[in-house]
1. To the nearest 10 square angstrom, how much accessible area does Thr27 have with a 1.4 angstrom probe?
2. Out of the stretch 24-91, which trypsin sites (Lys or Arg not before Pro) are coil in DSSP terms and have no more than 10 other C-beta atoms within 10 Å?
3. Starting from the amide H of Ala15, placed 1.01 Å from N in the peptide plane, find each other amide H under 5 Å away whose residue is 5 or more places distant or on another chain.
4. Leaving out ligands, DNA and RNA, and with a 1.4 Å probe, what % of the accessible surface on the stretch 30-95 is carbon or sulfur?
5. Rounded to the nearest 20 Debye, what is the dipole magnitude of the chain about its Cα centre when Lys and Arg each give +1 and Asp and Glu each give -1 at the C-beta?
6. Counting only helical runs of four or more DSSP H residues, what would the 222 nm mean residue ellipticity of the chain come to if each run contributes -39,500 (n - 2.57) and the total is spread over all its residues?
7. Give the lysines whose C-alpha is closer than 22 Å to that of Lys60, dropping any in the same chain fewer than 8 places away, or say none.
8. What do you get for chymotrypsin sites (Phe, Trp or Tyr not before Pro) in the stretch 1-97 restricted to DSSP loop and a cutoff of at most 11 other Cβ within 10 Å of the site's Cβ?
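The values are calculated or read from the model by the stated rules, or taken from the named source; none is laboratory data. Here the structure is a predicted model, which means the values were calculated and not measured. Backbone-built Cβ (ideal geometry, glycine too); neighbour counts: all protein chains shown. Only protein heavy atoms, including side chains, enter the accessible area calculation; ligands, DNA and RNA are left aside. Shrake-Rupley method; radii C 1.70, N 1.55, O 1.52, S 1.80 Å.
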Amino acid sequence: DDIEIRDISLVDYIAVKGDHATYLPHTAGRYQKKRFRKASCPIVERLACCLMRKGPNSGKKLMAVRIVQHTLEIIHLLTDQNPVQVVVDAIINSGPREDSTR
């Protein structure tokens, strides 16, 4: 509930509140069936799914979930902040700006 998305253009695409605030990033939802449905996928689960793209990690979601869990615990221990808020801020900082999208 205390997670805030500072960029208003990304509020619809970063799912961290309400039903999307899940503890375990393994909902087994079918988010690719319709266009833009993956925007309703929890953002931590999307991070775990991005980890299992290529190489020896492909298809191993439980390993990716464990890696994300350990990473979020380390972030919490080092910064004493909400680790999901740190992930949301990193996503906002990694996006392109208006001037550089040409």
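1. Probe radius 1.4 Å; accessible area of Thr27 about 50 Å².
2. Taking the stretch 24-91 and a limit of 10 other Cβ atoms within 10 Å, the loop trypsin sites (Lys or Arg not before Pro) found are Arg30, Lys33, Lys34, Arg35, Arg53, Lys54.
3. It is Ile43, by chain and number.
4. Details: 2700 of 4610 Å².
Solvent-exposed carbon and sulfur of the stretch 30-95 make up 58 percent of the total.
5. In debye, rounded to 20, the chain gives about 960.
6. Roughly -12500 deg cm²/dmol at 222 nm, from the helical runs in the chain.
7. Cross-link targets: Lys33, Lys38.
8. Answer by residue number: Tyr23, Phe36.
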